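A.B. asks: One structure follows; several queries about it will come next.
FYI, it's all coordinate maths here, none of it is from the lab. Worth saying up front: this structure is predicted, and the values here are computed from it rather than measured. Neighbour counts run over all protein chains shown; Cβ positions are idealised from the backbone, glycine included.
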Amino acid sequence: MKPLIVLISVFIIAITAFKLTNKPLNYPLAGRIALSCMLMFTAIGHFIYSKGMAAMFPSLVPFRLELVVVSGLLEIAFAVGLLLPAYQQLTSWLLILFFVLVLPFNIRAALQHINYQTGELNGPGPAYLWFRVPLQILFIGWAYFSAIKNSILH
């Protein structure tokens with residue numbers, strides 16, 4: 001829920017900033033700014049809650065803690081890449097792939113009631129998937145429409 005709040009809030013702030021500075025409304029740019037801020041926000045969680053997030057991986061996966069740190073670093077790289085015109089389309093495709101690849105771990109965590117902050121088995125459970133799966137689809141669509149579709153049309 002927090003990433004969604006960051007995404008929407010920053011998008012509104014960016015659009016407001018365009019209006020207040022009398023610049024033409026640039027929804028794709030506002031979308032990329034919002035997505036970049038959201039990714040920076042979620043990346044922080046990878047470092048603060050790394051042990052809890054490592055519990056989202058099956059025990060047979062080696063280097064779980066390291067994978068969480070790497071995924072946080074990837075999110076930072078995606079946040080930067082979305083704001084660099086020469087890299088925004090490639091970054092968006094890679095980000096979409098990332099969103100698809102992490103979804104099974106989010107589903108597994110929900111089904112097993114894993115709390116991503118603590119790693120304990122007191123998480124929200126399968127009901128969370130009614131929110132998480134559509135949220136992941138929103139993130140994928142957001143990445144597509146703010147960077148890829150805009151690039152294809154111009």
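A.B. asks: Determine the relative contact order of the chain: mean sequence separation of Cα pairs under 8 Å and six or more apart, normalised by residue count, in whole percent. Write down the numbers at each step before the final one.
C.D. replies: Details: 193 pairs, mean separation 37.8, N = 154.
Relative CO of the chain lands at 25 percent.
A.B. asks: Using a Förster distance of 22 Å, how high is the FRET efficiency between Val80 and Ile44, based on the Cβ-Cβ distance and rounded to 0.05?
C.D. replies: On the way: r = 15 Å, r/R0 = 0.67.
Working from the Cβ atoms, E equals 0.90.
A.B. asks: Under unit Cβ charges (Lys, Arg +1; Asp, Glu -1), what dipole magnitude, rounded to 20 debye, does the chain have relative to its Cα centre? Numbers along the way, then the final one.
C.D. replies: Numbers: 9 positive and 3 negative charges, 58 e Å.
Dipole size: approximately 280 debye.
A.B. asks: Taking just the alpha carbons, could you work out the radius of gyration and Dmax for the range 26-154, both in angstroms?
C.D. replies: Taking only Cα atoms of the range 26-154, I get Rg and Dmax of 15.2, 48 Å.
A.B. asks: Full-extension gain between Ile12 and Glu66, please, as 0.36 nm times their residue separation minus the C-alpha to C-alpha distance.
C.D. replies: Details: separation 54, 0.36 × 54 = 19.44 nm, distance 3.48 nm.
Going from the current span to full extension adds 16.0 nm.
A.B. asks: Run down the lysines and flag those whose C-alpha is under 29 Å from the C-alpha of Lys19, throwing out any fewer than 8 positions away in its chain.
C.D. replies: Of all the lysines, those that pass the test against Lys19 - Cα under 29 Å, at least 8 places apart if same chain - are Lys2, Lys149.
A.B. asks: May I ask you to sort Thr91, Thr16 by Cβ crowding, counting other Cβ atoms within 10 Å and putting the fewest first?
C.D. replies: Working: Thr91 25, Thr16 11.
Going from least to most buried by this count: Thr16, Thr91.
A.B. asks: Would you tally the net charge around Ala55, using a Cβ to Cβ cut-off of less than 12 Å, leaving Ala55 out, and scoring K and R as +1, D and E as -1? Please list the in-between numbers first.
C.D. replies: Numbers: positive: Lys51, Arg64, Arg108; negative: Glu120.
Once all neighbours under 12 Å are counted, the net charge is +2.
A.B. asks: Nearest 0.05, what FRET efficiency do Thr21 and Lys51 give at R0 = 35 Å with Cβ-Cβ as r?
C.D. replies: Values: r = 43 Å, r/R0 = 1.23.
Computed FRET efficiency for Thr21 and Lys51 comes out at 0.20.
A.B. asks: List the residues whose amide H sits under 5 Å from the amide H of Gly123, counting only those 5 or more places along or on another chain, with H placed 1.01 Å from N in the peptide plane.
C.D. replies: Sorted by chain and number, the residues that satisfy this are Ile114, Asn115.
A.B. asks: Cut-off is 10 Å between beta-carbons; in what order do Glu66, Glu75 appear when sorted fewest neighbours first?
C.D. replies: Values: Glu66 11, Glu75 23.
Ranked by crowding around the Cβ, least crowded first: Glu66, Glu75.
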